[in-house]
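*Asks:* Handing you this structure, nothing more for now.
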Amino acid sequence: MRPAAIAAAAMAALLLAGCGGESHQDLRDWMAAQGKGMRGHLDPIPQIKPYEPFAYNDFDLPDPFKPRKIEPAKGDNANKLAPDLTRRKEPLEAYPLESLSMVGTIEKGKTRYALVKTPGRDIYQVRQGNHMGQDYGVITAITDSEIDLKELVQDGSGDWSERSSTLNLLQADQNTQEKK
């Protein structure tokens, strides 16, 4: 055998002898003291009910897990509301109405314009008849303190209905809070 191998074997034997000699009696005593008086109780494992297969025989009924459109009753052609999907979108229709802020008004001639700020801090001039918001909103009136809109929303059955919304003037204290 080589001297390096003999020296490595001797070192390994010394290391093993150093680790195995102590009994760690103090640790065993502490563990015994901690376990005194402790009694555990385990509930029995619950019985598992056997699986009973169920045969689904109502295949002629609609599947409750498939999305479907509720068909309107025949002769229900009274609701003709629908947005003009061929119309070119205006810039403020890219934003949800909740994210837009009215910051003021101006008048040019006899026309009143509202100033609307976007989340990107751009300011747009809008007047009655302009569109804004993502629900096909049309501006119906502009006052010194608010913009009134008429929006078209689609319900679960696919029918369109009108909804009135208002965008209020952003107050000065809200404006300072926004900058913080």
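The values are calculated or read from the model by the stated rules, or taken from the named source; none is laboratory data. Model, not experiment: these values are computed from the prediction. Because the Cβ atoms are built from the backbone with ideal geometry, glycine has one as well, and the counts that use them run over all protein chains shown.
*Asks:* Could you run through segment 88-132 and say how many residues are within 27 Å of the chain's Cα centre (by Cα) and of a type in the set (Gly, Ala, Ser)?
*Replies:* 4
*Asks:* Looking at segment 97-113 only, could you name the residues that are assigned to a strand (DSSP E or B) and either among the β-branched types (Val, Ile, Thr) or in contact with a Ser or Thr (Cβ under 7 Å, 6 or more places away or on another chain) (or both)?
*Replies:* Quick first cut of segment 97-113, residues assigned to a strand (DSSP E or B) only: 101-108, 111-113.
Of everything in segment 97-113, those that are assigned to a strand (DSSP E or B) and either among the β-branched types (Val, Ile, Thr) or in contact with a Ser or Thr (Cβ under 7 Å, 6 or more places away or on another chain) (or both) turn out to be Val103, Thr105, Ile106, Thr111, Arg112, Tyr113.
*Asks:* Taking segment 25-67 as the region of interest, how many residues are among the small types (Gly, Ala, Ser) and part of a loop (DSSP other than H, G, I, E, B)?
*Replies:* 3
*Asks:* Turning to a different aspect of this structure: Being surrounded by 10 or more Cβ atoms within 10 Å (Cβ to Cβ) and modelled with pLDDT under 80: is that true of Ala17 here?
*Replies:* no
*Asks:* Taking segment 145-160, which residues are modelled with pLDDT of 90 or more and exposed (fewer than 13 other Cβ atoms within 10 Å of the Cβ)?
*Replies:* Ser145 - this is the single residue of segment 145-160 that is modelled with pLDDT of 90 or more and exposed (fewer than 13 other Cβ atoms within 10 Å of the Cβ).
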